[in-house]
Amino acid sequence: MTATVTSTSASKTTLLTPRILSVSKSSSHSIAKTPVPSITLIPNHGVDGDCHAGQTTQHRAQAQRTPNLRQVHLVPVETLRELSGRFSAAAAGRNAKPLSAGEIGENITTEGVELSTLPLGTELHFLSGEGKEEAIVVLTGVREPGPGMDKCRAGLKNVCVVRDGGRVVRRLAGVMGTVKKGGMLRPGMGIRIVKPASVRPLPVV
């Protein structure tokens, strides 16, 4: 499915082909989430049945806060591939099988769009095969790699952070968002990306 990237500031429209590759959830606070046929998004709550859903922050490494800016976790498969390569190089081939969908805790694994470069407040409109809008997630920030990454694979947290000298330039743990419009999501659904008029980079959350 071909989706479009549009902007509320009337800038040019660029054709892309972003889509959902996999959806996952977990009712327990394990790091990895289990891929499932579909997930249901609940407005201002998150993924139905997922441990991180709620109006307050549910991540164990963070204090509970309102509002919960980490209701939904999204990771591009391109990021998983890059992270797998960095981990393999750092581990010199030991336990270096590629990371799989849901393994670092994401609810939605995407393909065809670099989510971390999108502005704060960008809306992801998830589309059915007929182009009908099923749900909307609003991006709130870049995920800060926490200690749970090393529980997934020892040493993974360190390779999630890309540095230039002593400066952090990228984080490879995906992005977080809140649910604006609920609905059911399945692999293969398209994504329309709507950027806000005011462009600010995603903060670390």
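Read-outs: derived from the displayed coordinates by stated rules, not from any lab. Remember, predicted model here, so these are calculated numbers, not experimental data. Using ideal geometry, Cβ is built from the backbone for each residue, glycine included, and neighbour counts are taken over all protein chains shown.
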Next on the checklist: Relative contact order for region 123-186: what percent, with Cα pairs under 8 Å and sequence separation of 6 or more?
Outcome noted: 39
Next on the checklist: How much of the pair distance distribution for region 112-205 lies past 23 Å, counting alpha-carbon pairs only, in percent?
Outcome noted: 36
Checklist entry - So who's got an amide H within less than 5 Å of the one on GLN71, skipping anything under 5 residues away but keeping other chains? H placed 1.01 Å off N, in plane. => result GLY177
Checklist entry - Each residue of region 157-172 in order: what ³J(HN,Hα) in whole Hz does its phi give by Karplus 6.51 cos²θ - 1.76 cosθ + 1.60, θ = phi - 60°, with x for Gly and Pro? => result 4, 5, 7, 6, 9, 9, 10, 10, x, x, 9, 7, 10, 8, 10, 9
Next on the checklist: Using the basic label-point model (7 angstrom from Cα toward the beta carbon), what is the GLN55 to LYS181 distance in nanometres?
Outcome noted: 2.3
Next on the checklist: Report the rotationally averaged projected area of the chain based on its alpha-carbon convex hull, in square nanometres.
Outcome noted: 11.4
Checklist outcome for this item: Across the chain, qualifying lysine pairs (alpha carbons under 24 Å, at least 8 places apart or different chains) come out at 21
Checklist entry - What are the principal axis extents of the Cα atoms in region 95-153, in Å, biggest first? => result 41, 26, 16
Next on the checklist: Taking 8 Å as the Cα distance limit and 6 or more residues as the minimum spacing, I'd like the relative contact order of the chain as a percentage.
Outcome noted: 31
Checklist entry - What residue among THR40, THR117, THR178 has the largest mean-square fluctuation in a Gaussian network model of the chain, using Cα springs under 10 Å? => result THR117
Item to check | For ARG170, distant residues with modelled amide H under 5 Å away | outcome: VAL162
Checklist entry - Using Cα atoms only, what is the angle between the long axis of helix 77-90 and the major principal axis of the chain, expressed in degrees (0 to 90) to the nearest 10? => result 10
Checklist entry - Could you give me the ³J(HN,Hα) list for region 178-185, computed from phi with Karplus coefficients 6.51, -1.76, 1.60 and θ = phi - 60°, whole Hz, x at Gly and Pro? => result 10, 8, 8, 9, x, x, 9, 10
